[in-house]
Amino acid sequence: MQNSIRFSRVLFFITLLISLLAFVSAPAMLGDSASAAPLKQAPDVDLSLTMSVNDATPNKDQDIVFTITVSNSAGSAVATNVTVNAALPAGLAWQTDDGGGAYNNGTGVWTVGVLANNSNAVLHVTAKNTTTSPKTYSAAAVSNVEAVVNSGNDNASVGITTIADLNLTITPISSARFPGDNVVFTIKVTNGGPNVATGVTVMDDLSLTGLTYVTDDGGGTYNDGTGIWIIGSLANGDSASLKITAQTPLTGGVYTNSAEVWTSAEPDNDSTPGNGPTPPTQEDDYDTSVITAEKADLNYYQYC
């Protein structure tokens, strides 16, 4: 009886051992079975992004059109759930776009969706340039499913600059030979562009020269008390001129009259309004005119 019990126990353990060995060796026998297969990784995509603008030097309050192009290179997998982050910076106000609702002008996200290999999607965004300060519009492409390779070209930017190059000259068109004579100065301001200049004023304070203001042809735009001449707006290539008549002192002498562009809403690429003389190289928005009023030589007339 005891031998029978022992035999049953041995048989039980042998059966259990065989079952364990079969369980351990099953994955190797099955090869690429579900239990042994590695997790499948998402394929790679190669997204690239470019940006351009139809006018990189727009005037203030001018509408400009940005073109954003996202591409998936040849040989890549199909890109899915593609988005482009393209929020407009301060100073650019969204007006319209051709995304058909795919572009959210509040968040700046353009939902592209699926992008096959060797294909692209294009978005045009129209924005108003609301300030004269320089600004940069940037965008970045993202695929939220596939891994993006060569990610150095999946972002882009384009710069916007508003510039008005103002040039000023001051010229005496009549000379003062003797003390007490009048002299007429012509101040001319020219806008070399490329943008419209706005908020333009000029400073010519005669009280600093020793000359006495007489009259001008500015029709009220020149204030002889402050020396400010208000021009306002000046289109690209346009000029504005002012004639000021002044009287020389009875004491005679040499007098220097200086004038300068005092303010402009748009930056100037080669000068700074209102900063005065800047020797040794003088800026082109500042100029001077020197006149001499000599006393008569009474001894000369006495002995003639």
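Along the range 210-226 the Karplus relation, 6.51 cos²θ - 1.76 cosθ + 1.60 evaluated at θ = phi - 60°, assigns HN-Hα couplings of x, 8, 10, 5, 10, 6, 8, 10, x, x, x, 7, 9, 9, 6, x, 9 Hz to successive residues, with x for each Gly and Pro. Can you return the aspartates and glutamates within cross-link range of K60? Criterion is Cα-Cα under 16 Å, with same-chain partners fewer than 8 residues away left out. Partners within reach: D165, E266, D268.
Need the full-extension length gain, N120 to D63, defined as separation in residues times 0.36 nm minus the C-alpha distance. One decimal, nm.
Working: separation 57, 0.36 × 57 = 20.52 nm, distance 2.57 nm.
Computed gain between N120 and D63 is 18.0 nm.
Quick note: the coordinates plus some simple rules give every number you see, no bench work behind them. In this text, all values refer to a predicted model and were calculated from it rather than measured experimentally.
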